[in-house]
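*Asks:* Here you go, one structure.
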Amino acid sequence: MRGARVSVAEYSKLAAQFNPVRFDADALAALAKRAGMKYMVATAKHHDGFAMYHSKVSKYNIADATPFKRDVIREIADACKKNDLPFGLYYSQAQDWYHPGGASDGNWDSAQNGSMDRYIEQIAVPQVRELLTNYGPIRMFWWDTPKQMNEERSGKLKPLLQLQEGIFTNNRLGRVAGTAVSGDFTTPEQRIPFRGLKGQLWKPA
């Protein structure tokens, strides 16, 4: 969507074609377990603003905007529980190329224009609350690319993590009280460091 500068109206039409009828969360989780995976993390919403769960906050989601009409995050959460796999979620809190006001790495469509503060308050905060209250135990929450995330915006999201006891998170939320939120581990981007990251939990196996 960003690379080709596709408009919001044109891109959103693709949802009507999204119908992954062969999706099987139970088979996916069972395969992960057999492969030796220790946990699973599912993408709840990436930068295009489309939610892979039944969000009450925005109709731009897999249950309301597609012929599939199912909640993929619910199915994966249930499958992880059945297979005794800790379950985590990824959520793009800052970049959102569909909802007005979301950071878009340079707007290319006037439909993206709007207040980012309003986007945080009306989309990001209530969606993160949905994810942390409606899907059982969430062991990890993965934020991403904190573009335009100032202290006030990050400060509205960080307290929501308290909804899940024992949750751990990465270092990409943003800044709170003048300091970057370090999270519980650092996330290298598109590389595996030669050595472990000093002072951080993440390290190559």
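The values are calculated or read from the model by the stated rules, or taken from the named source; none is laboratory data. Keep in mind that what you see is a predicted model, and the values were worked out from it rather than measured. Using ideal geometry, Cβ is built from the backbone for each residue, glycine included, and neighbour counts are taken over all protein chains shown. These area figures cover heavy atoms from the full protein model, side chains too; ligands, DNA and RNA do not enter into them. Shrake-Rupley method; radii C 1.70, N 1.55, O 1.52, S 1.80 Å.
*Asks:* I need the full set of residues from region 8-21 which are under 22 Å from the mean Cα position of the chain (by Cα), assigned to a loop (DSSP other than H, G, I, E, B) and not aromatic (Phe, Trp, Tyr), in order please.
*Replies:* Across region 8-21, the qualifying residues are Asn19, Pro20.
*Asks:* Turning to a different aspect of this structure: Of all residues in region 112-166, how many are over 13 Å from the mean Cα position of the chain (by Cα), charged (D, E, K, R), under 23 Å from Phe87 (Cβ atoms) and in a helix (DSSP H, G or I)?
*Replies:* 1
*Asks:* Can you tell me which residues in region 25-39 are of a type outside the set (A, V, I, L, M, F, W, C) and open to solvent by 80 Å² or more (accessible area, probe 1.4 Å)? Don't jump to the end; show me each part of the working.
*Replies:* Initially, region 25-39 is screened for residues of a type outside the set (A, V, I, L, M, F, W, C), giving 26, 33-34, 36, 38-39.
Listed by number, the residues that qualify are Lys33, Arg34, Lys38, Tyr39.
Every residue, every condition in (1) open to solvent by less than 50 Å² (accessible area, probe 1.4 Å); (2) modelled with pLDDT of 95 or more; (3) touching a Phe, Trp or Tyr at 6+ places or on another chain (Cβ under 7 Å); (4) assigned to a helix (DSSP H, G or I), yes or no:
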position: Phe23; (1), (2), (3), (4): no, yes, no, no
position: His47; (1), (2), (3), (4): yes, yes, yes, no
position: Ile73; (1), (2), (3), (4): yes, yes, yes, yes
position: Ala77; (1), (2), (3), (4): yes, yes, yes, yes
position: His99; (1), (2), (3), (4): yes, yes, yes, no
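*Asks:* Return the only residue of Leu89, Leu157 being closer than 30 Å to Arg34 by Cα, open to solvent by less than 30 Å² (accessible area, probe 1.4 Å) and touching a residue at least 40 places away in the same chain (Cβ under 8 Å). Show your work before the answer.
*Replies:* Details: Leu157 fails: closer than 30 Å to Arg34 by Cα.
On inspection, the qualifying residue turns out to be Leu89.
*Asks:* Moving to a separate point now. For the structure I just gave you, tell me whether Ala51 is open to solvent by less than 20 Å² (accessible area, probe 1.4 Å) and in contact (Cβ under 8 Å) with a residue 60 or more places away in the chain.
*Replies:* Yes, satisfied.
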